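Note sheet for the following structure.
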Amino acid sequence: MSTSKNLLLVSSSGGKNFNLASNLKDIVDSKYHLTTKLINLELYELPLYMPGIDSDNKVAKELSCEFENADAFIFCAPEYNGGSPPILTNAITWISLSTDNWRDGFNGKLALIGTNSGGDGLRFLSSFRSQLEYMGTIVFPKTISVNKKIEFNIDSAERTLQSLIDLL
């Protein structure tokens, strides 16, 4: 395995999904020779994107660089109203506006989606998969789901991560 592969773990918040992403990062860091970075989207102070807003945004360009430099992603976010949390949608919009080609941050890269939601999170997992695929991302078929009824299963997470890493 080459040490030049970069895995970006993206949490939409600093709460339960950040903990999920941290747990996954710990597994990857202990078993694989990858460069990993965990980011919390709450720490990127991006304005709400609206048509006509100045798209030359320093914070968006910084975030876009993180995405462009990644070979693969792990996204951890809760389901919001049957879909993606607004902070994640807003970040993706800014990234698509801050690159030379709107898909540069995503195209041809691998992604794994995880969620820690109040419910099963299936609508988020499905809708976000569709969005990432539209952006050109190759989305791993398995997901990681944690909620009030389903605790984090380290053995299952390790198997899922192993399969993702094998594809890198």
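General observations
- Residue satisfying all of: in the range 81-125; in a loop (DSSP other than H, G, I, E, B) and of a type in the set (D, E, K, R); farthest from Tyr49 (Cα to Cα) among these: Asp120
- Residue in the range 74-87 that is of a type in the set (D, E, K, R) and crowded, with 22+ Cβ neighbours inside 10 Å present: yes
- Residue within the range 135-154 that is in contact (Cβ under 8 Å) with a residue 60 or more places away in the chain, aromatic (Phe, Trp, Tyr) and in contact with a helix residue (DSSP H, G or I) (Cβ under 9 Å, 6 or more places away or on another chain) present: yes
- The number of residues in the range 1-13 that are over 19 Å from Leu168 (Cα atoms) and either assigned to a loop (DSSP other than H, G, I, E, B) or acidic (Asp, Glu) (or both) comes to 2.
- Filtered residue count, the range 1-40, keeping only those that are at pLDDT below 95, closer than 21 Å to Asn90 by Cα and either touching a Cys at 6+ places or on another chain (Cβ under 9 Å) or crowded, with 17+ Cβ neighbours inside 10 Å (or both): 1
- Number of residues in the range 141-159 that are hydroxyl-bearing (Ser, Thr, Tyr) and in contact with a strand residue (DSSP E or B) (Cβ under 6 Å, 6 or more places away or on another chain) equals 2.
- Among the residues listed as Ser55, Ser163, Ser156, the single one being modelled with pLDDT of 95 or more, over 18 Å from Leu7 (Cα atoms) and either surrounded by fewer than 15 Cβ atoms within 10 Å (Cβ to Cβ) or charged (D, E, K, R) (or both): Ser156
- Lys31 within 21 Å of Ser117 (Cβ to Cβ) and basic (Lys, Arg): no
- Filter result (assigned to a loop (DSSP other than H, G, I, E, B) and either among the acidic types (Asp, Glu) or touching a Leu at 6+ places or on another chain (Cβ under 7 Å) (or both)) within the range 14-46: Leu34, Tyr44, Glu45
- The set of residues from the range 90-144 being among the hydroxyl-bearing types (Ser, Thr, Tyr), within 13 Å of Glu79 (Cβ to Cβ) and crowded, with 17+ Cβ neighbours inside 10 Å comprises Thr115, Ser117, Thr143.
The values are calculated or read from the model by the stated rules, or taken from the named source; none is laboratory data. Predicted, not measured: the structure shown is a model, and the values here were computed from it. Neighbour counts run over all protein chains shown; Cβ positions are idealised from the backbone, glycine included.
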